[in-house]
Each structure stands twice: as C-alpha cells, then as structure tokens.
Amino acid sequence: MTELLDYAFMQRALLAALLVGVAAPAVGIYLVQRHQAIMGDGIGHIALTGVALGFLLSTNAVWTAVLVAAAGAVAIELVRWYGKARGDIALAMLFYGGMAGGVMIINLAPGGSTGDLLTAMFGSITTVSPADVTAIVILSCAVLAVCLGLRRQLFAVCQDEEFARVTGLPVRLLNLLLAVTAAVTVTVAMRVVGLLLVSALMVIPVAAAQQVTRGFAVTLGLSVALGVLVALSGTAVSFYADVPPGATIVLLAIAAFAVLAAFTPAAARRRARLAARREPSGMLEGEVARGG
Amino acid sequence: MKEPMEPKGTERNEGTGVARGRSAADPVVALRGAHAALGSRPVLRGIDLTVGRGEVVALLGANGSGKSTTVRAAVGQVPLTGGALELFGTPLRRFRAWRRLGYVPQRSTAAAGVPATVREVVSSGRLARRGLRPLGRADRDAVTRALAAVGMAERARDSVGALSGGQHQRVLIARALAGEPELLIMDEPLAGVDLASQRVLADALCAQVAEGVSVLLVLHELGPLARLIDRTVVLRDGRVERVEHPERLHDPACHPHDSAAPDEAPAAPRIGTGFPA
C-alpha cells in the first residue's frame, strides 16, 4: 500500500486529493443548502475559458482559471440579484458562453487544439506539478478559512436570506464571497476530478451525509470526512487499477451515497422510537404547564 | 452605533402611569405616508403607522391588503417609493442598530437543502449582536433562554425539518428572541399554528411585553394574542382603514405598568394612537 508514496507525482496527487476532498464539500454544503447544487457545474463550464486563456498566454492555467471562474461566479450572483424571471436563461448563456469561449480561445492559441482542454475537463491528477501543488495549497487554505471561519454567517444567509439581512449581516458581501470561494474551489478541484465532474465532489458527499444527520455542523463534518475518504481512496484505486482518477472518485462518492441510503431507513426508525419516547415530556411543557 | 443603547424597559420602570411610558412621541417604528410597489403593482398607498415604546400593535386586514408588505417595509426589506421610515428615531438609511430589532418573517414551507437543528437555527438570531465574530458563552446562554421561552428546549437537538408547523413557528420566534431585542416585528406568527403552540407563543410574548419589548405583528385574527394587543390597525387596499383599541380584552398582567394608575378615569383613552389627531 505504501508503494504509491514512493513516487513524488503520487505524493503530490494525494496531497491535492486530500485538499480537494476537504474543500469541495465545505463549500458545496452552502450551495446545497440554498438549492444551488448545480452552480459548481456552471462555474466549471466558465472556468474552461480561463484554462484556454492560460494556454494562450503560456501561464499556469490554475491562476487564469481562478480569475475567470471568479468573474463568472460574481456574474452568476448578480444575475441572481437582478435577473428575476429570466435568470435561468441568463445563467445558461453564461455557462455555454464560457465553454464555447474556451474552445474558441484554445484553437486560437498557437499549436492549441480542443484536445488540450480534455485534461481540464476530466482531470489529470498524476500530472500535478510542484507549482500546481503550491497554488492548490494556498487556494484551499483560503477556501477553508472562509467556509469554516464564517460558517455561522454563511449558514444564516443560506438558511433565510431575508432574516439574515434584518440582523444587519453584510448579506451581499457574504454572497459574493461564497460565489468567489466556490469558483476557487472549482479551479482547485480541476486537476483532481476535472471541471465536468467537480460539482459532484461538492454535492454528493453532502447529499450522502445528510441522509443520516439532523444538524448542519454534523452534516458539514461528515461530508468533509466522506470527501476526503473518496478522494484519497479514488486516487489510490486509480493508481493500482490504472483507471481514470476523476471518474473513480465520483463513482466512489455515489457508492458512499448508496451505502448510507441503505442505512437510512434503520436510522430513521431508531430516531422515530427516540422521538416517541421524548414526546410525552414535550407535551408536558406545551400542555400541562398551562393547565391544559 | 449612533443610537443610544438604552437598557430594555427603562421607560417602563420610570413611567409611573403618565402617558403610561409609551408615548407616541418616541416611536420605535414610524412609517409616514409609506408608498411601496411589488413589481409594477402599488401595494402600499400612503400608510401611516407608528409603534410607541412598549406598545403592541396588530395589523389586520384581508388578503392582499398590504399587511405583510407593511411589516417587510418596516424592516427595510421592501423599498419605499414614497414616504419615510424611521426605526428608533433614526431614518432607515442611517439605521445600523439591527440588534435592537427581532424579526420573525412569514414561515416558509420551503425547507433548506441541508438539515439544521433547532439550536443551530435559533443561534442565527445572535448574529445581530455578534456580526462576523464567533459566538461565545453569553450567546449560547441567550439561545438556551430563547428556546426555553417558547418551550422548545427539549427539541434543541432535533432537526427543524421534523417539526410541526406550530413548533417551527416557535423556533422562528425563539430565533428573534435570542438577540434580546427591544422591538419584535412578526409576520403572521400564528398562521398554521395549532392551538397548543398558539398558547405557548402568547405566553412567551406576554413575558416579553412585560419586560418592555415593543411588538408590531400581522395577524388574521387576534385569537389568544388578544389580551396583549394595545391597538389594532386595519388595512384595506394599501391604506389604513381604521384603528381600534381592543381594551376590554387587555390583560394587565402583561402590562404591569398600566396598573400604576388605577384611579384614572376609565373613559380616558389608554393608548396613544400614534396618528396625528
């Protein structure tokens, strides 16, 4: 098992997988909370333009992708504020424009072809360079600082935006911060699972965890644990079985979802029993205390 | 924080019956000639509404009369196209002391995409005081007190998704109480609430009012809250149709300061209307 640690490229791959496994669900939980599970997917489409720009300018694609994805995420947020009824169409144009822009720009680059986008679209964790690792470490630390440090504030905004505004929280600023953080996460996860699958790692661990949880903090902890588990084991499996890491990670996440789903009925029954036992005292408080 | 931080209920304790300590001259909410539109449809057409310190005002009216829009305008969530809003004597534009206000929005049936415990939801109410800083022991204690006030302490660790409508409403009220506000603004706090929960809520509000908290709330009918209400304002087509004082229903237990002047002539108006005569 330690054989894969002998290779420097695998050490980098596992570090990247670990960081993405933590960061993706930590952001994803807020998107799922406000029913925007698909937003990561849209940002992934837009990031393609950034990847192609990096190729055209011969710079590290992670940084250009971060910039373009962040701009796209801010645009999505602005559409959400002002778009109202036609918002979904504006978003669709943004997503497909991003993808078409990427394909166009990469073909304008000298020696570039659409094939060069494939590594960004489907990930290539084993080609993570030391420079990529530096970028991934910095960016994921920033993501975690926002998602964990401001978790109560982001929770309040995603749970009930109007209430959050009336508490005086800077709701617009927090929404923009969350959008940019999601964009950064998408780019960080780009090398690991690929832009087309990145949303899966933001959403599926959260969906799997919440089948057996009752609270937000516990869901956050469990989905990060699941994210790390599938990202690391997927990377290891892909090394030994010679299969694509991105697809392996996502399929493992879906398997984790299915396993927890199978346990859910049992857990629900146990909870119902507990609730039934607690209910009489709950009624006491409401009824008898009032002489009812 | 430009507003003076007056301790809750100061006015009650000093008000020895003279104008009962809740003069309309010192309103906590003042909407004057408020106009507002949703989309292109005008919903408020010149609403005058004030809530004095320590006063409990209920907004009544048919569906579509503008009740909800009025309270959402009062918390700055519906922009006014005309007129003015002052909170605690400060124009909305300059108002920053949101911690003095507890808001209970209309209960939404759409659940969030991720489970949350009762305690987690109620803890959001402390953010008005904490802002971007982490919560501490005093915050946790306030959340515990708010949960106890609405009889939900036992359910603190349960998922809000597993609650009945009435219990959910209690949680939203506890969230507003957690911030220890001086003014509660509530949109239909009794809608879809079972009788047992209605009584719990009435008692919880009674305790708040006795401490000097002012209340503005939207109701369909007064129900078990009748004993708390100082004044009802009936809306119709975005205008104030009439103002009533349900005095006979008034419960002095919730308004201890009222009994400070027992020898007052019974015919004297008990409460200022807050409207220009």
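The values are calculated or read from the model by the stated rules, or taken from the named source; none is laboratory data. Since the structure is predicted, the reported quantities are computational estimates derived from the model, not experimental observations. Cβ placement follows ideal geometry from the backbone for every residue including glycine, while neighbour counts extend to all protein chains displayed. What goes into the accessible areas is simple: the full protein's heavy atoms, side chains included, and nothing from ligands, DNA or RNA. Shrake-Rupley method; radii C 1.70, N 1.55, O 1.52, S 1.80 Å.
If you find the alpha carbon centre of the range A:150-176 and of the range B:179-198, how far apart are they in angstrom?
Cα centroid to Cα centroid, the span is 22 Å.
Rounded to the nearest 100 Å², what is the sum over both chains of accessible area buried where B meets A, with a probe of 1.4 Å?
Using a 1.4 Å probe, the pair buries roughly 3200 Å².
Compute the accessible area per residue over chain A, keeping the other protein chains in place, probe 1.4 Å, unit Å².
43
Viscosity 0.890 mPa s, temperature 25 °C: Stokes-Einstein D of the range B:177-249 from its Kirkwood Cα radius, in µm² per second?
186
Take every residue in peptide A:148-155, count the Cβ atoms of other chains within 10 Å of its Cβ, and give the average of those counts.
Per-residue shielding by partner chains comes out at 4.
Once ligands and nucleic acids are excluded and a 1.4 Å probe is used, how much of A:ASP242 is accessible, expressed in Å² to the nearest 10?
My reading of the accessible area for A:ASP242 is about 130 Å².
Excluding A:THR185 itself, calculate the net charge of residues whose Cβ lies under 13 Å from the Cβ of A:THR185, where each Lys or Arg counts +1 and each Asp or Glu counts -1.
0
Do any residues of the range A:184-219 lose at least 20 Å² of accessible area when the full set of protein chains is present rather than just their chain alone, and if so which, with a 1.4 Å probe?
Listed by number, the residues meeting the 20 Å² cut-off are A:GLN210, A:ARG214, A:GLY215, A:PHE216.
How high is the relative contact order of chain A, in percent, with contacts defined as C-alpha pairs under 8 Å that are six or more residues apart?
Once normalised by length, the contact order is 29 percent.
To test your reading of the geometry: what angle, between 0 and 90 degrees and rounded to tens, separates the Cα axis of helix A:39-56 from the longest principal axis of chain A?
20
Give the peptides B:37-43, B:149-155, A:185-191 in descending order of average Cβ contacts within 10 Å, highest first.
Top of the packing list down: A:185-191, B:149-155, B:37-43.
Over chain A, what percent of the accessible surface lies on carbon and sulfur atoms, probe 1.4 Å?
Looking at chain A in its full context, I get 71 percent from C and S.
For the range A:40-110, what does the relative contact order come out to in percent, with C-alpha contacts under 8 Å and a separation of six or more?
Relative contact order comes out at 47 percent.
If the convex hull of the alpha-carbon atoms of chain A is projected onto planes in all directions, what is the mean projected area in square nanometres?
Over every viewing direction, the Cα hull of chain A projects on average to 19.0 nm².
So which residues in the range B:139-177 end up with at least 40 square angstrom less accessible surface once the other protein chains are there, compared with the chain by itself, probe 1.4 angstrom?
B:GLU154, B:ASP158, B:ARG175
Relative contact order for the range B:110-233 using alpha-carbon pairs under 8 Å, separation at least 6, rounded to a whole percent?
27
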